[in-house]
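For reference, the structure discussed in these notes is given below.
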Amino acid sequence: MTEKNIVLEIKHLKKAFYDNGFEEEIVADFNLQVEKNEFLCILGPSGCGKTTLLRCIAGFEKYQGEILVNGQLKKEPGVDRIMVFQDFNQLFPWKTVEKNIQYPLKQQGIRDKKELDRITAEYLAKVNLNGIQKKYPHQLSGGMKQRVAIAKALALKPQIILMDEPFAALDAMTRNKLLAEVLLISQNEDCTFIFITHNIQEAIVLGSRVMVLASKGEVKIDEKNTIEKPVTPASEGYGNLWKRLHDALEDESAQEQ
Ligand SMILES: Nc1ncnc2c1ncn2[C@@H]1O[C@H](COP(=O)(O)OP(=O)(O)OP(=O)(O)O)[C@@H](O)[C@H]1O
Ligand SMILES: [Mg+2]
């Protein structure tokens, strides 16, 4: 048996928010192991704590329990875990595309202009963007902004990319194109992805593993997605997996009402 290469381990994660002195438990006792280069897609009803979970992993929230990356406890943000958001406005509006990508690289100590430009061009090409280095975010479409955000994240060579519904605000055609691009990137980059979506098809197309969460971070479904990539709705096993994920989500939504 081959040894598992665990990049992320979450042990007994608990997260509560306090409102006017009242404690609201959002994640009760969440445990997870993610293997290196896995593409984990997480589905779950609105409000079940998906974003909160991702924010804890990213180090943006205080939490109880343990979150370990390569065996090391993580309590603060770091370049080993980079988050890509749904919001189109995650780039600095006053900086050009290249300055947006290069800013965190400079903070990491890369100072050589040629090297910074090389990295910028390399990662923009990976998301099929060329020749837009000098443009400002307001000159880009929503899809282009998301591509730049992904390029910016990848350029830092993180261990884990955390994506919170990055395509939810895009039109169907742009979304499908970006899906294909991210799938290709994930197959070529040495990086682990945790990807939150409300879209079952997106989860099946991208994920090497799919998970359905219920309220308080309860795990309803957690399984390997063995459908051969590239996945289409005509792929063997697609309908079956789609129905199981759909039914688990329906169950949860029904219980919330
Ligand atoms: N900063 C905060 N302060 C207080 N409560 C919060 C805070 N952030 C989130 N919550 C609450 O935590 C719960 C889970 O929120 P979260 O954003 O993690 O859900 P989600 O699963 O990402 O939902 P969606 O699918 O709608 O994005 C919600 O009830 C929300 O109101
Ligand atoms: Mg959310």
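Is it the case that residue 69 is more than 21 Å from residue 205 (Cβ to Cβ), loosely packed, with under 15 Cβ neighbours inside 10 Å and touching a residue at least 40 places away in the same chain (Cβ under 8 Å)? No. Sub-6 Å Cβ pairs linking a first residue in segment 243-254 that is of a type in the set (Asp, Glu) to a second residue that is modelled with pLDDT of 90 or more, at least 6 apart or interchain, are 252/45; 252/214, ordered by first then second residue.
Scanning segment 76-99 for residues that are outside any loop (DSSP other than H, G, I, E, B) and of a type in the set (Val, Ile, Thr) gives 82, 84, 97. If you go through segment 186-204 and keep only what is in contact with a strand residue (DSSP E or B) (Cβ under 9 Å, 6 or more places away or on another chain), of a type outside the set (S, T, N, Q) and away from ligand 1 (no atom under 16 Å from the Cβ), you end up with 189, 191, 193, 204.
Here's the yes/no breakdown for (1) at pLDDT 95 or above; (2) part of a strand (DSSP E or B):
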{"residue": "1", "(1), (2)": "no, no"}
{"residue": "10", "(1), (2)": "yes, yes"}
{"residue": "16", "(1), (2)": "yes, yes"}
{"residue": "24", "(1), (2)": "no, yes"}
{"residue": "31", "(1), (2)": "yes, yes"}
{"residue": "34", "(1), (2)": "yes, yes"}
{"residue": "40", "(1), (2)": "yes, yes"}
{"residue": "47", "(1), (2)": "no, no"}
{"residue": "53", "(1), (2)": "yes, no"}
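Only one of the listed residues (113, 106, 126) is in contact (Cβ under 8 Å) with a residue 40 or more places away in the chain and among the charged types (D, E, K, R). That residue is 126. Note on segment 200-228: among residues that are of a type in the set (S, T, N, Q) and touching a residue at least 12 places away in the same chain (Cβ under 8 Å), the one that is nearest to residue 41 (Cα to Cα) is 208.
Does segment 97-112 contain any residue that is within 20 Å of the chain's Cα centre (by Cα) and exposed (fewer than 15 other Cβ atoms within 10 Å of the Cβ)? No; the residues of segment 97-112 include none that is within 20 Å of the chain's Cα centre (by Cα) and exposed (fewer than 15 other Cβ atoms within 10 Å of the Cβ).
The values are calculated or read from the model by the stated rules, or taken from the named source; none is laboratory data. This one's a predicted model, so the numbers in the text were calculated from it and none came from an experiment. In this analysis, Cβ positions are derived from the backbone assuming ideal geometry, glycine residues included, and neighbour counts consider all displayed protein chains.
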